[in-house]
Amino acid sequence: MTPWYRFKRRNPRRSRLAMFLWWTLVPWILIPLARVVYGFRIHGRRHCPSEGPVLVICNHQSMLDPMIAGLTLRERGFRPLARMSLKKDLPRLVAWLMSWYDVIFIDPDEPSVSSFKDVLKELKESRVSIMFPEGARSSDGCLAPFQPGVWVLIRRGKAPVLPMAVEGPFDVMPPGSGLRRRGRIEVKVGTPIPCAELLEMGREAALEHLREVVDDLRMELRADIRKRSRGRWPRSGPADQSIRDQHRSADDVNEGA
């Protein structure tokens, strides 16, 4: 990993002040706090390349996920992505924070090259972009099908894809609820997948493969958290079944038909 004080090497686009304040000082404060309150752990951070373009894909369980991604990949000081619809009626403080973090607003319902031009520029200039390809927060903790917009970034960005998963935010801050003080949060980074490997699969197969890879990471976290918390977390529910299990069940039904 690049040393924290090598700000320009971490992200030459951002000023040294921004890199120190938002991508160094803030994580130094938030990570210990999250560790105390939620047992926050980061696994596999070494898998993120210290230089070169990287497209990170992650599951989306709550509004905490972008912050968790920022703490995990803080060395790269990436530009976060957000849905264009969030621009409407943002509280002044949130709008100010988004401007400081240099957020890229995208329209996932219009998966065209023009709508992702700022993201593609980041990749072209050897920086990191992170996307939540489900397009919205999960309603039950499971992974929804990936939206086609991520395929545009894979096909045009030509960057390695770094899978990442969060587990626990659904319990801590489920949709429609405020932040709760109980729960466990962990994040795991997988190994980069070459872009050429995904392009060879084709769109549908590649997106489903990525979804399975991210879900495998999530299920590993889920098992680890449950073991460390002696079964208290995560709460039991639909998210206990993996995507691979769902596929096997569907195959069994089809074979029996």
- Item | Subset of region 161-178 (residues that are in contact (Cβ under 8 Å) with a residue 40 or more places away in the chain and surrounded by fewer than 21 Cβ atoms within 10 Å (Cβ to Cβ)) | Met173, Pro174, Pro175
- Task: Taking the residues in region 4-49 that are outside any loop (DSSP other than H, G, I, E, B) and of a type in the set (Ser, Thr, Tyr) as candidates, determine which candidate is surrounded by the fewest Cβ atoms within 10 Å (Cβ to Cβ).
- Result: Thr24
- Message: Can you confirm whether Gly52 is over 19 Å from Val161 (Cβ atoms) and either surrounded by fewer than 12 Cβ atoms within 10 Å (Cβ to Cβ) or touching a residue at least 60 places away in the same chain (Cβ under 8 Å) (or both)?
- Response: no
- So, in region 145-160, of the ones that are assigned to a helix (DSSP H, G or I) and over 25 Å from Ile243 (Cα atoms), which residue ends up nearest to the chain's Cα centre (by Cα)? Gly157
- Among the residues of region 98-105, is there at least one that is closer than 23 Å to Phe20 by Cβ, in a strand (DSSP E or B), modelled with pLDDT of 75 or more and within 17 Å of the chain's Cα centre (by Cα)? yes
- Pair list, Cβ < 8 Å and 6+ apart or interchain, from region 62-78 residues that are more than 12 Å from Arg45 (Cα to Cα) and free of Cβ contacts under 8 Å to residues at least 40 places away in the same chain to residues that are in a helix (DSSP H, G or I) and not charged (D, E, K, R): Met67/Leu30
- Boolean, Ser129 is touching a residue at least 40 places away in the same chain (Cβ under 8 Å) and part of a loop (DSSP other than H, G, I, E, B): no
- Starting from residues that are assigned to a loop (DSSP other than H, G, I, E, B) and modelled with pLDDT under 80, keep the ones in region 70-97 and report whichever is nearest to Val150 (Cα to Cα). Lys88
- Of the numbered conditions (1) modelled with pLDDT of 95 or more; (2) in contact with a helix residue (DSSP H, G or I) (Cβ under 6 Å, 6 or more places away or on another chain); (3) at positive phi, Gly44 fails exactly one; give the number of that condition. (2)
- Note on the structure: Of the candidates Ile31, Ile42, the one satisfying the condition of being hydrophobic (A, V, I, L, M, F, W, C) and closer than 28 Å to Glu208 by Cβ is Ile42
- Message: If the requirement is being within 14 Å of the chain's Cα centre (by Cα), at negative phi and assigned to a loop (DSSP other than H, G, I, E, B), which of these qualifies: Met67, Met63?
- Response: Met63
- Message: Going by what's in this entry, would Gly77 be described as closer than 30 Å to Arg211 by Cβ, surrounded by 16 or more Cβ atoms within 10 Å (Cβ to Cβ), out of contact with any Cys (no Cβ under 8 Å at 6 or more places or on another chain) and among the small types (Gly, Ala, Ser)?
- Response: yes
- Note on the structure: Over region 179-208, the set of residues surrounded by 15 or more Cβ atoms within 10 Å (Cβ to Cβ) and in a helix (DSSP H, G or I) is Cys195, Leu198, Arg203, Ala206, Leu207, Glu208
- Task: Determine whether region 161-170 contains at least one residue that is under 14 Å from the mean Cα position of the chain (by Cα), closer than 27 Å to Arg46 by Cα and among the charged types (D, E, K, R).
- Result: yes
- Scan region 58-86 residue by residue and report those that are over 21 Å from Ser177 (Cα atoms) and touching a Lys or Arg at 6+ places or on another chain (Cβ under 9 Å). Thr72, Leu73, Arg74, Glu75, Arg76, Gly77, Phe78, Arg79
- Message: Tell me whether region 98-114 contains one or more residues that are touching a strand residue (DSSP E or B) at 6+ places or on another chain (Cβ under 6 Å), in contact (Cβ under 8 Å) with a residue 40 or more places away in the chain and surrounded by fewer than 23 Cβ atoms within 10 Å (Cβ to Cβ).
- Response: yes
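The values are calculated or read from the model by the stated rules, or taken from the named source; none is laboratory data. The structure presented is a predicted model; accordingly, all values stated were derived computationally and were not measured. Virtual Cβ from ideal backbone geometry, glycine too; neighbours counted across all protein chains shown.
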